[in-house]
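Here is the structure we will look at.
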Amino acid sequence: MAEQKIDQPQLGGTPAYATPSHLFTNVMIEYIFKDLPKTLCLQDWHAVVGIIYKVVTGERLFDLAARILLKLKKEIPNAINANREPAMVLEAASLKYWQSAVAEFETKLHNKKKTLKSVSLVVSSDSTKMLIDEISKVQNHLKISVKKLIESQTVFASDSHKKSLLSAPFAKVSQIKAELSDKKAGSKFQPAERQQAIKLLEELEQLKKQCSHLKSALHSLKKSVPVISCDDLLKCMFYIILVHMHQKPWGTINL
């Protein structure tokens with residue numbers, strides 16, 4: 001059976017629950033993300049993340065990111081009319097939006113952690129299977145990204161250092177970064193190398209953090225009765241969305 005053509009949804013969306021991909025046609029989404037059905041599905045996931053947070057906390061999750069999306073809604077047509085390559089426009093819009101969305105997500109979930117941890121959901125068998133499949137795919141993607149990042153850098157050049165970074169948990173990477181960031185502490189690096197090391201560790205820290213959150217969610221979902229806290233579910237869904245929606249070559253999201 002031939003694949004059914006997906007009709008073009010209305011461009012745009014409620015800013016607090018939308019993503020930059022809402023502002024582009026199906027043709028452009030398929031060209032950039034390769035998988036149109038999955039991208040449209042993850043757009044809905046993003047809205048669900050915002051809705052769950054609103055239901056549990058009574059507050060909106062993506063206020064600042066929504067303002068950026070409203071600006072992008074005006075800037076994107078102007079950029080395209082100025083003959084900028086649409087793919088490049090989407091890449092620039094993605095970095096601007098997700099930089100804000102990630103920072104807002106992590107700050108607000110940290111501030112509401114107690115509330116979000118206190119509310120748990122029993123996940124249906126179909127949803128459990130879907131989430132486990134998606135988590136496994138993203139975990140593999142993140143493991144490859146971590147390995148490539150470590151192998152491509154020259155600041156921690158020895159094989160032993162690379163091996164240590166590869167196996168180091170998120171907390172250990174954060175500790176090393178904090179020690180290097182402390183200007184009062186001594187460092188074996190020259191100033192320029194030290195900055196390179198900190199930048200590398202920041203990127204590695206983000207990847208390891210995402211791995212850690214996905215592992216926690218997977219542990220809950222694989223229990224005989226899959227019960228997961230709203231905190232773990234939101235982190236799991238958000239980082240699955242992020243890995244697909246903001247591709248690494250488009251720029252690093254630094255916090």
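Would you say T154 is surrounded by fewer than 14 Cβ atoms within 10 Å (Cβ to Cβ), assigned by TED's automatic domain parsing to the domain that holds S21 and hydroxyl-bearing (S, T, Y)?
Values: surrounded by fewer than 14 Cβ atoms within 10 Å (Cβ to Cβ): yes; assigned by TED's automatic domain parsing to the domain that holds S21: no; hydroxyl-bearing (S, T, Y): yes.
Spelling it out, it is not the case that T154 is surrounded by fewer than 14 Cβ atoms within 10 Å (Cβ to Cβ), assigned by TED's automatic domain parsing to the domain that holds S21 and hydroxyl-bearing (S, T, Y).
Among the residues in segment 154-166, are any touching a residue at least 24 places away in the same chain (Cβ under 8 Å) and either closer than 29 Å to A16 by Cβ or not in a loop (DSSP other than H, G, I, E, B) (or both)? Spell out how you get there, then give the answer.
Step one: of segment 154-166, the residues touching a residue at least 24 places away in the same chain (Cβ under 8 Å) are 155-156, 165.
Among the residues that remain, those that are also either closer than 29 Å to A16 by Cβ or not in a loop (DSSP other than H, G, I, E, B) (or both) are: 165.
Yes, segment 154-166 contains at least one residue that is touching a residue at least 24 places away in the same chain (Cβ under 8 Å) and either closer than 29 Å to A16 by Cβ or not in a loop (DSSP other than H, G, I, E, B) (or both).
Is segment 74-92 home to any residue that is in contact (Cβ under 8 Å) with a residue 40 or more places away in the chain and within 30 Å of V225 (Cα to Cα)?
Scanning segment 74-92 turns up no residue that is in contact (Cβ under 8 Å) with a residue 40 or more places away in the chain and within 30 Å of V225 (Cα to Cα).
Restricting to segment 28-59, count the residues that are touching a Phe, Trp or Tyr at 6+ places or on another chain (Cβ under 8 Å) and within 16 Å of T14 (Cβ to Cβ).
6
When you check E59 against the structure, is it within 24 Å of V89 (Cβ to Cβ) and assigned by TED's automatic domain parsing to the domain that holds K117, yes or no?
On the way: within 24 Å of V89 (Cβ to Cβ): no; assigned by TED's automatic domain parsing to the domain that holds K117: yes.
So E59 does not fit the description; no.
Anything in segment 51-85 that is touching a helix residue (DSSP H, G or I) at 6+ places or on another chain (Cβ under 8 Å) and closer than 16 Å to T115 by Cβ? List them, or say none. Even if it seems obvious, please write down each step before you answer.
Step one: of segment 51-85, the residues touching a helix residue (DSSP H, G or I) at 6+ places or on another chain (Cβ under 8 Å) are 51-53, 56-57, 59-70, 72-73, 75-76, 79-80.
The answer is I51, I52, Y53, V56, T57, E59, R60, L61.
Yes or no: A197 free of Cβ contacts under 8 Å to residues at least 60 places away in the same chain and of a type in the set (A, V, I, L, M, F, W, C)? Break it down stepwise before answering.
On the way: free of Cβ contacts under 8 Å to residues at least 60 places away in the same chain: yes; of a type in the set (A, V, I, L, M, F, W, C): yes.
The answer is yes for A197.
Of S164, S187, S212, which residue is modelled with pLDDT of 90 or more, among the hydroxyl-bearing types (S, T, Y) and either farther than 27 Å from W98 by Cα or more than 14 Å from the chain's Cα centre (by Cα) (or both)?
On the way: S187 fails: modelled with pLDDT of 90 or more; S212 fails: either farther than 27 Å from W98 by Cα or more than 14 Å from the chain's Cα centre (by Cα) (or both).
Going through S164, S187, S212 in turn, the sole match is S164.
The values are calculated or read from the model by the stated rules, or taken from the named source; none is laboratory data. Keep in mind it's a predicted model, so treat the numbers as computed, not measured. All Cβ positions, even for glycine, are placed from backbone atoms using ideal geometry, and neighbour counts span all protein chains on display.
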